[in-house]
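S.K.: One structure, as structure tokens, below. Some questions next.
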């Protein structure tokens, strides 16, 4: 495909002129065209760390900020076992057990199997969150503040 009569497409790299041609008479070399779209972006950063996020998740985050009333209904395909593991690593190891009685250390004992099972249940729609254990903490003014302790769902 060309842009016009006797004009090359911008994506084609021009040939360098011969070395023995006069500089004044030699045609200048056409510059290489910039890639269009997101060609320079990767789906994830080269080094995996907690701050890195996939390009798709960043686009979702941007869309959510721009269109606050929009509902997102198909996001589970972005959820990976690695993300579940990173979320698990961010949890407090000494946190209290939930209504299921499972502690962080007990869940961590077979973490790979637990996360694979959780990931599979999430993707097939079989995951059902258990209710949190409700505790009420007294406030200075005499009222009580509810506090929920989540479960590990081993």
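S.K.: Mind checking the full-extension length gain between residue 96 and residue 120? Use 0.36 nm per residue of separation minus the Cα-Cα distance, one decimal, nm.
M.R.: On the way: separation 24, 0.36 × 24 = 8.64 nm, distance 2.60 nm.
Extending this stretch completely gives an extra 6.0 nm.
S.K.: While we're here: Normalised by the number of residues in the range 80-149, what is the relative contact order in percent for Cα pairs under 8 Å and 6+ residues apart?
M.R.: Numbers: 51 pairs, mean separation 19.2, N = 70.
Averaging sequence separation for qualifying contacts and normalising by length gives 27 percent for the range 80-149.
S.K.: Alpha carbons only, please: Rg and Dmax for the range 53-138, in angstrom.
M.R.: Expressed in Å, the Cα Rg and Dmax of the range 53-138 come to 15.9, 44.
S.K.: Based on the mean of other Cβ atoms within 10 Å per residue, sort peptides 112-119, 84-91, 132-139 so the most packed one is first.
M.R.: Working: 112-119: 15.4, 84-91: 13.1, 132-139: 11.1.
Taking the mean over residues of other Cβ atoms within 10 Å, the ranking is 112-119, 84-91, 132-139.
Only the coordinates and a few stated rules stand behind these numbers; no lab work does. All values reported here derive from a predicted model rather than from experimental measurement. Backbone-built Cβ (ideal geometry, glycine too); neighbour counts: all protein chains shown.
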